[in-house]
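The values are calculated or read from the model by the stated rules, or taken from the named source; none is laboratory data. Bear in mind that the values here come from a model prediction, so they are computed numbers and not experimental data. Here the Cβ positions follow ideal geometry from the backbone for every residue, glycine too, while neighbour counts run over all protein chains shown.
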């Protein structure tokens, strides 16, 4: 490989990394909000899947109706579906105080079923998967030498890295809501005694998490693929659960975690197309193996929130 | 102060039930402005429940509350704070990975942005105003218990509390810290703050309070100006009869010359891998009680676990009646004659199992015939112990349904019935009522007379002073000094417990 083509390869790899990392970043930061408040939201995989479906279905309908902003209709619809599922999760795990593992897995199963059923209902049996024309990539500085492919990204990618991450850092560490959220996740008894409504904070945290998870899912169907398929999320939600621990519940570190996984995913794709002499199944497993490895190294002394997994009860 | 003044707090006819237990039965309580008011009573008398209702942590089943003469509905601490009521609970409500400032302002600031710099200055100023010295940037987890208590008081005052409830505030403090706390309370009284001081320690009530309300079994049995009553009056009101106290046969020294338990230069680590015991040596002779005094968290838990054989030692030797059981495990320790009464009684029983099983748990092999448990023998054994130790339970009751006192008696029976040569006992009367406390202490003294070597670990200094022949003070994993019971005073112990050498 010549120097120029190596550079092009690396820039292309980095550009793909940002794309692959985007949905992970939305969902991981969503999970950070919910876990920082003391609730493990295992609905993540299902909510991403539901978000991907609802976003796609709404956009497809709006596109068929000839609406110009059909993709934004899809995005808003996905966020609403995520919000509703988050409220259900909150009802089960916060108000009723059920086991968070069971409630979260239940939500994931429910969402998966709903999305598959909805897909049949809306699109019926078809020989080819329905498609929409997805979000296009945009480049704020067109014609930049070498870096052009890197800057050519989806708006949602720019929003994730340049708005969501700094905004979440600000919310968690520089706002009163963030202070209360962290206090509720560390010691709800103390927060309650300080006059904070523990339940309201946890509902808010879960609502944020649901919306962000659904956005992550909708990115897949509305931007990356322009289609919906049953395997669209492919365990990304579970990866995010690991990334949150890897990130030690910090939005900035979550970004690096998402980039690490995204990088591995992009790399294995490229290695596959380069005709690398390894069974493709091994390459496919690579990002997941790296996630486990990173978790084993970084997660051993992870500072779990003090009230992680504990429903709050008075008396 | 006139008596027709509007009370700062007036509670009338407060009822509270927990399941079948009635914690408050029609309680009336008045708090005057600018007074320190003792709420006195045994454990379980309903003092904390009443105050938790006032602070909105519990909801009363019936009754009314008025603050400064106006009826008040208090459904949560949020409401209580709005009425100018603050409470320092026994288990501090602090978020330990956060700073003092973050803890103090938590929930107070309704603005969106968190301005920590400005908050730090405000917290500093508030602390200076009442003479509480505390670094606003320190992390709570790095603070001592006394300092944490100051953060809690500061939290309440920062929320403009005019009524401050302190639930057993001195239980966790060494005597010098108690003096400091009392100085703060006097200063608050001058500023017109009303203080409710929940306690069961008579001398503290006599020392610091202006008025006292005594509770027993969920009811108020009397209220008076502190200066007009004697400790004996209060004690009689508290328990409904004059206190007896355990009569320790001090005249007869049961101690025999040979050491039954010896620790030689023992070091061990705690669960976090940090040194918990440092080159600790001590001896307990047959027929004596050696009390171990210290502020919680100075290695007491690890000391007990080392002797019980459930925590490995990193260096040093452990001998029971001359037999080396260093790192030999709990079974060998038990066989060598160690009996254990651990600090958390819920952890030393299996809650869902019956009293009979729990009584045999440590020696199930003796109740086994050809691999099967002999239920008849199990039952006979349980019935005998229940009779002997006056336990109010049946052999088949799940042990978690027993009261604290009866559960402790089961554990006591399980251990003492085997007449162990060495007994390691931690916090034996924590949370027990007066009658059960007296019973447990009496049984320990009885074992001493029979020649057992008893290592008594307790945070209750009165208990240590009452029972011990000698007292060892533990500080940061070392025995600082061993005193004869005759020469030990509260003050001397307090200084040693605080890490000061004489």
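Among residues belonging to region A:149-182 that are away from chain B (no Cβ under 14 Å) and not in a helix (DSSP H, G or I), point out the one that is surrounded by the fewest Cβ atoms within 10 Å (Cβ to Cβ).
Here is the first cut: in region A:149-182, the residues away from chain B (no Cβ under 14 Å) are A:149-166, A:168.
Then keep just the ones that are not in a helix (DSSP H, G or I); that gives A:152-154.
Values: A:152: 18, A:153: 20, A:154: 20.
Checking each candidate, the answer is A:152.
With respect to residue B:157, is the statement that it is in contact (Cβ under 8 Å) with a residue 60 or more places away in the chain, touching a helix residue (DSSP H, G or I) at 6+ places or on another chain (Cβ under 8 Å) and within 18 Å of residue B:93 (Cα to Cα) true? For residue B:157, the condition - in contact (Cβ under 8 Å) with a residue 60 or more places away in the chain, touching a helix residue (DSSP H, G or I) at 6+ places or on another chain (Cβ under 8 Å) and within 18 Å of residue B:93 (Cα to Cα) - is met. Of all residues in region B:15-24, those satisfying the criterion of being at pLDDT below 95 and surrounded by fewer than 22 Cβ atoms within 10 Å (Cβ to Cβ) are B:17, B:18, B:19, B:20, B:21, B:22. Of B:86, B:131, all but one fail to be surrounded by fewer than 17 Cβ atoms within 10 Å (Cβ to Cβ) and within 30 Å of the chain's Cα centre (by Cα); the exception is B:131. Being surrounded by fewer than 23 Cβ atoms within 10 Å (Cβ to Cβ) and touching a strand residue (DSSP E or B) at 6+ places or on another chain (Cβ under 7 Å) is a property that holds for residue A:227.
If residue A:271 meets every condition in (1) in a helix (DSSP H, G or I); (2) under 21 Å from residue A:46 (Cβ atoms) apart from one, which number is that one? Every listed condition holds for residue A:271 apart from (2). Every test in (1) in contact with a helix residue (DSSP H, G or I) (Cβ under 6 Å, 6 or more places away or on another chain); (2) within 20 Å of residue A:225 (Cα to Cα) is passed by residue A:86 save one, and that test is (2). Applying the criterion of being under 27 Å from the mean Cα position of the chain (by Cα) and part of a strand (DSSP E or B) to the residues of region B:311-353, the residue that is nearest to residue B:282 (Cα to Cα) is B:338.
Residue B:111 meets the stated requirement of being surrounded by fewer than 20 Cβ atoms within 10 Å (Cβ to Cβ) and either under 24 Å from residue B:32 (Cα atoms) or within 12 Å of chain A (Cβ to nearest Cβ) (or both).
The rows are residues; the columns are (1) in contact with a strand residue (DSSP E or B) (Cβ under 6 Å, 6 or more places away or on another chain); (2) modelled with pLDDT of 95 or more; (3) within 13 Å of chain A (Cβ to nearest Cβ).
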site	(1), (2), (3)
B:27	yes, yes, no
B:32	no, yes, no
B:37	yes, yes, no
B:48	yes, no, yes
B:51	yes, yes, yes
B:57	no, no, yes
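Taking the numbered list (1) out of contact with any strand residue (DSSP E or B) (no Cβ under 9 Å at 6 or more places or on another chain); (2) within 30 Å of residue B:259 (Cβ to Cβ); (3) outside the structural domain of residue B:435 (by TED's automatic domain parsing) in turn, residue B:331 passes all entries but (3). Being buried (at least 21 other Cβ atoms within 10 Å of the Cβ) and more than 19 Å from residue B:350 (Cβ to Cβ) holds for only one residue in B:416, B:412, and it is B:416. Within region B:376-394, the set of residues being over 13 Å from residue B:414 (Cα atoms) and surrounded by 12 or more Cβ atoms within 10 Å (Cβ to Cβ) comprises B:377, B:379, B:380, B:393, B:394. Filtered by the rule that a residue be within 20 Å of residue A:34 (Cβ to Cβ), part of a helix (DSSP H, G or I) and at pLDDT 85 or above, region A:274-315 gives no residues. Scanning region A:186-217 for residues that are in a helix (DSSP H, G or I), buried (at least 24 other Cβ atoms within 10 Å of the Cβ) and at the interface with chain B (Cβ under 9 Å from one of its Cβ atoms) yields a total of 3.
Does residue B:302 satisfy being in a strand (DSSP E or B), farther than 18 Å from residue B:421 by Cα and not assigned by TED's automatic domain parsing to the domain that holds residue B:414? It is false that residue B:302 is in a strand (DSSP E or B), farther than 18 Å from residue B:421 by Cα and not assigned by TED's automatic domain parsing to the domain that holds residue B:414.
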